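See below for the structure under consideration.
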Amino acid sequence: MKSTLFFLIFLSSLCFNQLQAKNYYVSTTGDDSSNGAQESPFKTIQKAADVMASGDVCFIFGGIYRETVTVKVNNVTFKNFDNTKVTLSGTVEMSNWTLYQDGIYKANYSGAETAFTSLFVDFKEQQMARWPNNTTGKMMSVLDANSGYATCKVYDGVAGQASRKVTFDNLSGFPTNFFVGGFFRGITGKTWLNPSGTITASQGNELTVDAITKDWIANSATITDNQGKGYGFIYSLNALDIENEWFQKDNLVYYKPPTGQNPNDMNIEVKKRIWGFVINGRDNVTLDGIQVHAASIQLLNSNNCKVINCSVQYMWPFLMRANYAASYSDLGGVYVKGNSNEFQNCYIAHSWGNGFSIESGNDNKITNCFIEDIGWIAQFTANIQNSAFNTTVTQSTLGSSGRFHIRTDNKMNITYNDLFDCMKMGQDAGSIECTNGSNESVPLDLQGSEIAYNKIHDCTTLTNGSKQFVVAFYLEGCYNYTVHHNLVYNFITDVVPDGTFTYLGPRTSKITDCYYYNNTVWNLDWGIRIWNKKGGGNLENVRFWNNIIDNNAQDNTDGDNGILYNLIDFKNNYRSGSVANQNSIFENAASGDFRLKQNSPAIDAGINIPNITIDVNGSNPDIGAIEYGSSFPNVGSDLSPTSFTTLGILNNSILNNEKKPSVYPIPAHNELYIKDTFKQWEIYNSIGQSVSKGKNFLIDISSLQNSVYFISIDNAAAIKFIKN
């Protein structure tokens, strides 16, 4: 009876709280001294966060909000109003530019929360002043012309001293010590650790660098050829020589605008804040429809929070790191430490660090997210870095990464994803990676992790002339997991044949209960690779059943002489094919169509595996990832990255409060009137494309096709109107 009474009191309290819940509104034209009602909104999101109670909702009108929002209570929601474009930016607007020299301007700037900043023009990130120049805008295309890399060689120094030497092949024509105070960044040295440091001297083609990277070259000075040469570049104010380059030094920002333009007339911003939203120690907080720009989201000791229909872009600027590994907070990215938090329908992109940094907790989930262009530093970075238990990544697309797509050291379920283009800036790692690392004799328990129904494809890597190791499943020294029904294809390296299906280790550990079922593996250099280091490894209950593996992808046993390989349980695999006869097996492997052809030898040739071989179409399961007569399931995200473009028109430099323009009628018909004095108006559609502009008070909108538009007046805050 007492428990029933308690429940009724709890239910009554819950209903009362819901009835008491309030809606608050925020607008760039609002006032924090108002009451936050729709007709008198607050100006900042933080003001709403300060007054909200459990159950409240903050609706945010379209615009740019430059602040860090700290959530104060549980069970609250922050949402864009009526699907308008809301951007929470970590930048500050730059003004009061004065001429420095040679078409370069300077402005006072201090207070960045990171060691370096980023500069944006109309919300597009611009290049730091660099030799050689990066004119492509691509951050990870080391071997592409005009992407800002030059061949170099690094030399080790005296033990205990910071000074190191770097020589470039084509660094010439600059005065002595021209680059002093700048920074060297190399894709060279130890193959998973890239040297960097501060330049203390320069003469001819030689730099003297105070190393920040501890293991400067460790075991090698090479990354790309057999002549001991790598690639690198210089960041320096004295390298500022082309339009739209910039540099930060001594509380000043320097910028070279396009010829004939004055930066005081441009929309220029620099990154200041690390975080857009700080949701620490809070539960049941929802972010919906908010674009976080040049900042990130922190969920520290938070549970049951949801981030949906959001984007987080340009999270972390240039950094240099002493060690290969780093703490999660030093790796950048969306930071998660808590339980049952979910990210859904989100776009995560463009960072020197991680995409997601999930440090601890249980049952966090990433669903239908698009994560790309991550890990420009390429040291221990990943689109998703995970140490939490039972994290799920599903129906997501993971594109270009400097190193890993997913790196985990705990149980993780990875299903129905599309993963491609990993390892762009290094080698000896892979798309999905887990390792027992320095504890090579102690196997790592993945506690029943499932990796299934993924496409993992089209990955290559750099080479140091003797190694180009890139792997779909880099599960070194790990045990207790299942890999099934994956399509793995096009892991072909260009210098050394090192593209690999799976690498098991185990080095000096014993691994058990590793299951590879019904995978289709095609156009790779290697199939299964084993490293039995000094004969100290062992395998038990490692199964490869019902897999199609390209016969050209032979297996490799390093230090093993077949001892461990012979312990693997192989059943009902098909390996007699080759790329040359793929058309007798698959519908069209060259275009990624791995459905089985009629009369394929893989049909009905498999073995039944409980809970794995389901929906069988014949007398027995087929071999490979796709049953004959079926198709591979739809995988990856259905999001389009272009839909998350930040609108440059949404600008906080609005008209003064006493000059708020009046726009009518709304909803609009074929004419729209603006009552005010202005020099220019411009109409944009809902994805930020300019569709009309002019200088008249009467705007003819009869030719506009869609229904929802934004109007900008002298770069004022956008006003939404609807055309009937």
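The values are calculated or read from the model by the stated rules, or taken from the named source; none is laboratory data. This is a predicted model, so every value here is computed, not measured. Here Cβ is always computed from backbone atoms with ideal geometry, including for glycine, and neighbour counts include all displayed protein chains. In case anyone asks, the SASA skips ligands and DNA or RNA and just uses the protein heavy atoms, side chains included. Shrake-Rupley method; radii C 1.70, N 1.55, O 1.52, S 1.80 Å.
What ranking, highest mean first, results for peptides 297-307, 230-240 when packing means the other Cβ atoms within 10 Å averaged over each residue? Please report the intermediate quantities before stating the final value.
Values: 297-307: 21.2, 230-240: 23.4.
Order by mean packing, descending: 230-240, 297-307.
Going from the alpha-carbon gyration tensor of the range 305-381, what semi-axes, largest first and in whole Å, does one get by taking the root of 5 times each eigenvalue? Provide the component values of the computation, followed by the final result.
Values: eigenvalues 94, 46, 13 Å².
In descending order the semi-axes read 22, 15, 8 Å.
Set the Förster distance to 35 Å, then compute FRET efficiency between residue 692 and residue 98 from the Cβ-Cβ distance, nearest 0.05.
Step by step, r from the Cβ atoms, then E = 0.45.
List the residues of the range 144-177 whose backbone N lies under 17 Å from a point placed 7 Å from the Cα of residue 203 along the Cα-to-Cβ direction.
It comes to 163-168, 171-177, nothing else.
What length, rounded to one decimal in nm, is gained on full extension from residue 558 through to residue 192, with 0.36 nm per residue of separation minus their alpha-carbon distance? Show your work: numbers first, answer last.
Working: separation 366, 0.36 × 366 = 131.76 nm, distance 2.04 nm.
Extra length available between residue 558 and residue 192 comes to 129.7 nm.
Just read off the accessible area of residue 627 with the full protein assembly in place, 1.4 Å probe, to the nearest 10 Å².
So the heavy atoms of residue 627 present about 30 Å² to solvent.
Let me make sure I get this right: for the range 520-572, a, b and c are the square roots of the gyration tensor eigenvalues over alpha carbons, sorted descending. Under 1.5 in a/c it's rounded, otherwise prolate if a/b > b/c, else oblate. Which is it? Intermediate values should be presented prior to the final figure.
Numbers: a/c = 3.03, a/b = 1.46, b/c = 2.07.
Note, shape of the range 520-572 comes out oblate.
Under a 5 Å amide H to amide H cut-off, with H placed in plane at 1.01 Å, what residues pair with residue 498 once short-range neighbours are removed?
Residues meeting the criterion, in which the H sits 1.01 Å from N, are 493.
Could you compute the net charge surrounding residue 394? Neighbours are other residues with a C-beta less than 15 Å from the C-beta of residue 394; K and R count +1, D and E count -1. Don't jump to the answer; show the numbers that get you there.
Numbers: positive: 365, 411, 455; negative: 342, 363, 418, 450, 638.
Summing Lys/Arg as +1 and Asp/Glu as -1 gives -2.
Sort 208-216, 418-426 by the packing proxy (mean of other Cβ within 10 Å over each peptide's residues), most packed first.
Numbers: 208-216: 20.3, 418-426: 25.0.
Packing order, densest peptide first, comes out as 418-426, 208-216.
Evaluate E = 1/(1 + (r/R0)^6) for residue 538 and residue 214, where r is the Cβ-Cβ distance and R0 equals 51 Å; express this FRET efficiency to the nearest 0.05. Numbers along the way, then the final one.
Details: r = 34 Å, r/R0 = 0.66.
It comes to 0.90.
Residue 201's amide H: which non-local residues (gap 5+, or another chain) put their own amide H closer than 5 Å, with H modeled 1.01 Å from N in plane and none for Pro or chain starts?
Those qualifying (amide H under 5 Å, at least 5 residues apart or on another chain) are 208.
Full-extension gain between residue 51 and residue 82, please, as 0.36 nm times their residue separation minus the C-alpha to C-alpha distance. List each step's numbers first, then the result.
Details: separation 31, 0.36 × 31 = 11.16 nm, distance 2.22 nm.
In short, 8.9 nm is gained.
What residues have an amide H closer than 5 Å to that of residue 392, excluding those fewer than 5 places away on the same chain, when H is modeled at 1.01 Å from N in the peptide plane?
364, 365, 366, 413
HN-Hα J couplings of the range 473-479 from phi, Karplus 6.51/-1.76/1.60, θ = phi - 60°, integer Hz, Gly and Pro as x?
Per-residue couplings from phi come out as 10, 9, 10, 7, x, 10, 8 Hz.
I want to check the label-to-label distance for residue 566 and residue 251. Put each point 7 Å from Cα in the C-beta direction and report it in nm to one decimal.
7.3
Along the Cα→Cβ direction, 7 angstrom out, place labels at residue 241 and residue 512. What is the inter-label distance in nm?
6.4
If you plug each phi of the range 161-166 into the Karplus form 6.51 cos²θ - 1.76 cosθ + 1.60 with θ = phi - 60°, what whole-Hz ³J(HN,Hα) values come out, in order, with x for Gly and Pro?
10, 7, 5, 9, 10, 10
Any idea what the relative contact order of the range 510-557 is, in percent, if you count C-alpha pairs under 8 Å spaced at least 6 apart?
Working: 80 pairs, mean separation 27.5, N = 48.
Result for the range 510-557 is 57 percent.
Whole-Hz ³J(HN,Hα) for each residue in the range 317-328, computed from phi via Karplus 6.51 cos²θ - 1.76 cosθ + 1.60 with θ = phi - 60°, x for glycine and proline: what do you get?
3J(HN,Hα) across the range 317-328, in whole Hz: x, 3, 9, 10, 9, 6, 10, 4, 8, 7, 5, 4.
Would any residue of the range 59-93 have its amide N under 13 Å from a label point 7 Å out along Cα→Cβ of residue 300? List them or say none.
Answer for the range 59-93: 70-71.
Could you sort the peptides 529-536, 381-388, 271-278 by per-residue average Cβ neighbour count (10 Å cutoff), highest mean leading?
Values: 529-536: 17.9, 381-388: 26.8, 271-278: 23.0.
Per-residue Cβ counts within 10 Å, averaged per peptide and sorted highest first, yield 381-388, 271-278, 529-536.
Which order do 282, 185, 66 take when ranked by solvent-accessible area (1.4 Å probe, heavy atoms of all protein chains), largest first? Mind dumping the intermediate values first?
Values: 282 70, 185 10, 66 45 Å².
The residues order as 282, 66, 185, largest area first.
Which of the three applies to the range 349-438, rounded, prolate or oblate, going by the alpha-carbon gyration tensor with a ≥ b ≥ c and a/c under 1.5 meaning rounded?
Numbers: a/c = 1.64, a/b = 1.20, b/c = 1.36.
It is oblate, given that a/c is not under 1.5 and a/b is not larger than b/c.
Hey, can you find the accessible area per residue of the range 24-164 for me, probe 1.4 Å, expressed in square angstrom?
Working: 5920 Å² over 141 residues.
Accessible area per residue: 42 Å².
Can you grab the distance from the C-alpha centre of the range 73-122 to the C-alpha centre of the range 245-289, Å, no decimals?
2
Roughly how much of residue 196 is accessible, in Å² to the nearest 10, using a 1.4 Å probe?
Its heavy atoms expose roughly 0 Å² to the probe.
Using a 1.4 Å probe on the protein heavy atoms only, what accessible surface does residue 315 show? Give it in Å² to the nearest 10.
The value for residue 315 is about 0 Å².
Considering only Cα-Cα distances, which of the following residue pairs are longer than 30 Å: 138/256; 85/271; 138/165; 337/534; 337/455; 411/510? Spell out each step's value before the answer.
On the way: 138/256 20 Å; 85/271 20 Å; 138/165 27 Å; 337/534 39 Å; 337/455 28 Å; 411/510 19 Å.
The answer is 337/534.
Figure the gain on full extension for residue 597 and residue 22 (residue separation times 0.36 nm, minus the Cα-Cα span) and round it to one decimal in nm.
Contour length minus the Cα-Cα distance gives 201.0 nm.
Modelled label-to-label distance, residue 35 and residue 642, 7 Å Cα→beta-carbon offset: nm?
Going by the 7 Å Cα→Cβ label model, 4.6 nm.
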